[in-house]
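Below is one structure, written out as structure tokens; comments come after it.
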Amino acid sequence: MSRPSVAPHAPTFAELYTPKLITALREGYDAGKLRADLLAGLTVAIVALPLSMAIAIASGVSPAQGLYTAIIGGFFVSAFGGSRFQIGGPAGAFIVLVAATGGGHGVDGLILATMMSGVFLLAIGYARLGQYIKYIPYPVTVGFTAGIAVIIFASQLHELLGLTLPGKEPGPLLDKLPALGAAWQTLNPSALGIALSAVLIIWALKRWRPGWPGMLIAVAVTSLVAALLALPVETIGTRYGGIPRTLPAPALPEFSLAKAQAVLPDAIAFALLGAIESLLSAVVADGMTGRRHRSNCELVGQGFANIASGLFGGFCVTGTIARTATNVRSGAYTPVSGMAHALFLLVFMALAAPLASYIPLAALAGVLAWVAWNMVEKQAFASLLRSSRGDALVLLVTLALVVFRDLTEGIVVGFLLGAVLFIDRMGKAIAVEDIGPTGVADRADDANGDRAPYVPDAFADPDTVVYRISGAFFFGAAATVGSVLDRIADQRRNFIVDCSAVPFIDSTAANVLEGAAHKARRAGVLMAITGASKPVRRMLLTHGVRPPLVRFYASVENARETMRRGNSTAPHRAN
């Protein structure tokens with residue numbers, strides 16, 4: 001006896017927003033899984049230690065703030081997020097935004113914008129808008145990531161070359177490059193050697209010892225060489241005076257309505273970019289593990305993380321693809337690994353803070369240069385350039401806007417351009433064919449192998465014309481279909497529109513059919529619509545496409561048979 005089918009139910013609040021940490025622990029947690037999570041967390045912490053400081057310095061804030069962000073933000077992302085493997089922390093994608101916000105509104109303004117972005121992320125998550133992030137076209141994400149890589153590399157040129165600038169380094173690329181060129185005579189060979197050595201060490205270890213922490217080893221080796229040889233390079237100690245050993249006490253930034261209004265655009269940009277970055281990272285983790293993240297819960301976790309990061313003096317937090325992938329490859333089981341990564345960073349900060357003063361800024365610039373190079377999805381970039389003109393256009397426009405204009409503008413314009421190109425492609429994909437006065441003369445064998453007899457009357461009436469529409473009938477295809485249907489005024493026949501191959505119809509398309517029906521009626525032509533699904537028929541009826549203006553039939557054969565017999569006064573026949 002078969003079980004009755006159960007209708008799908010809408011997910012409950014608990015199903016949508018229970019953190020993955022709780023889900024994983026409910027499934028059972030033992031010493032073996034804890035050991036695996038701790039090892040994965042330690043591995044990720046070793047990667048995150050130099051990277052967090054490098055991103056903070058590139059963003060125009062202190063290296064300590066990068067560690068605060070990784071520790072507090074990373075812990076909260078794992079504790080409250082919707083992904084088992086997500087690692088949160090400072091991300092290269094935010095370098096330009098953080099630098100602009102901090103430069104324009106100060107550290108308090110940056111922290112306030114970070115906390116406000118957390119509130120916005122909570123709102124986006126609880127409004128269940130997380131699932132819509134998946135509609136961002138692939139060329140937009142590839143172009144956006146490549147643009148971020150260009151910006152990161154450009155931001156590190158002065159540190160890579162050890163240049164001394166007479167004033168503040170310009171932010172926009174077109175202003176930055178001339179300023180750096182004018183300071184070319186101040187190039188520091190020692191800084192350049194340190195940066196190139198760091199890149200070379202990372203590359204060599206990646207190739208021959210991929211399991212070793214290349215970034216940390218590169219920073220440690222170059223710091224040791226710079227200290228032993230007393231190289232004239234700037235270090236964390238000379239610029240920032242080192243880093244503290246403990247976390248600061250939680251505190252609220254200075255708040256005023258005027259300041260909140262001033263940083264509002266930055267907070268919105270943080271929230272949008274953070275949502276995109278974190279969910280893309282969660283999707284990458286899903287692809288590597290076969291798991292499924294909870295997008296809205298992940299955004300809620302990111303919201304709590306940003307609020308907490310701001311309370312402890314950090315800046316914006318998001319999911320980080322490289323560190324998340326490292327977490328997965330290191331054998332993590334649950335979000336405990338991400339929480340452990342944050343705790344290990346806290347231990348490192350407490351024990352190694354004095355040593356951090358010797359780290360050359362050029363070495364951290366070399367780390368970021370390597371990160372920027374690996375951020376570019378080179379294979380995907382080349383494939384999109386070859387795939388179609390539309391995809392190449394979206395890719396290049398997004399890249400150009402991110403590099404030369406604004407990150408958010410690049411995403412929005414790229415998304416809109418991709419949507420317009422998709423609409424154009426779908427509009428051209430619709431087919432409208434005149435299948436003419438054809439009929440079934442010799443039918444196929446039935447289930448018993450008997451051939452149905454030839455029926456001359458089964459041929460279509462030559463006074464009946466049939467148009468078959470195939471594909472999504474929406475506003476993008478309305479002009480194409482409408483131009484074909486307009487010909488009925490000269491046909492003076494019975495007119496059938498077969499919609500059996502139309503999966504979807506919108507109000508614009510329904511209005512086109514309504515116009516065609518009125519035109520047919522004025523011309524004395526009887527119009528029928530066949531094969532319409534329930535959603536299609538519902539839309540047509542809503543927009544006035546109903547009897548007696550048109551008649552609905554289950555199939556072309558039913559409509560043709562009624563019209564052939566001249567039964568124009570027959571009652572309406574529903575599907």
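Looking at the range 430-484, which of the residues that are assigned to a strand (DSSP E or B) and acidic (D, E) is modelled with the lowest pLDDT?
The extreme case among them is D445.
Within the range 531-549, the set of residues being out of contact with any Leu (no Cβ under 8 Å at 6 or more places or on another chain) and of a type in the set (A, V, I, L, M) comprises V536, M539, L541, L549. Which one is surrounded by the fewest Cβ atoms within 10 Å (Cβ to Cβ) among residues in the range 504-535 that are small (G, A, S) and under 15 Å from G471 (Cβ atoms)? Among those that are small (G, A, S) and under 15 Å from G471 (Cβ atoms), it is S533. Just name the residue that is farthest from the chain's Cα centre (by Cα) out of those in the range 45-94 that are surrounded by fewer than 24 Cβ atoms within 10 Å (Cβ to Cβ), more than 20 Å from M215 (Cβ to Cβ) and small (G, A, S). Among residues in the range 45-94 that are surrounded by fewer than 24 Cβ atoms within 10 Å (Cβ to Cβ), more than 20 Å from M215 (Cβ to Cβ) and small (G, A, S), the one farthest from the chain's Cα centre (by Cα) is G60.
For first residues located in the range 57-84 and more than 17 Å from A352 (Cβ to Cβ) and in contact (Cβ under 8 Å) with a residue 60 or more places away in the chain, partners that are charged (D, E, K, R) and assigned to a loop (DSSP other than H, G, I, E, B) and lie 6+ apart or on another chain with Cβ distances below 7 Å form the pairs G82/R294; R84/R291. As for the range 496-503, it holds at least one residue that is at pLDDT 85 or above, loosely packed, with under 14 Cβ neighbours inside 10 Å, over 30 Å from I151 (Cα atoms) and of a type outside the set (G, A, S).
Every condition in (1) farther than 13 Å from L299 by Cβ; (2) touching a Cys at 6+ places or on another chain (Cβ under 8 Å) is met by L112 except one, and the failing one is (2).
The residue list A262, A285, A271 contains one member that is part of a helix (DSSP H, G or I), farther than 24 Å from L364 by Cα and modelled with pLDDT under 90, which is A285. Residue-level check: of (1) touching a residue at least 60 places away in the same chain (Cβ under 8 Å); (2) crowded, with 18+ Cβ neighbours inside 10 Å, A251 misses just (2). Going by the structure shown, is V371 aliphatic (A, V, I, L, M) and buried (at least 17 other Cβ atoms within 10 Å of the Cβ)? Yes; evaluated as a whole, the condition is true for this residue. Looking across the range 288-315, the residues that are under 18 Å from the mean Cα position of the chain (by Cα), outside any helix (DSSP H, G or I) and crowded, with 21+ Cβ neighbours inside 10 Å come down to H293, R294.
Please report, ordered by residue number, the helices (runs of 4 or more DSSP H) entirely within the range 1-116 with at least 2 residues that are within 21 Å of L361 (Cα to Cα).
Fully inside the range 1-116 and qualifying: 31-58, 63-68.
The values are calculated or read from the model by the stated rules, or taken from the named source; none is laboratory data. The model shown is predicted, which means the values in this text are computed figures rather than measured ones. All Cβ positions, even for glycine, are placed from backbone atoms using ideal geometry, and neighbour counts span all protein chains on display.
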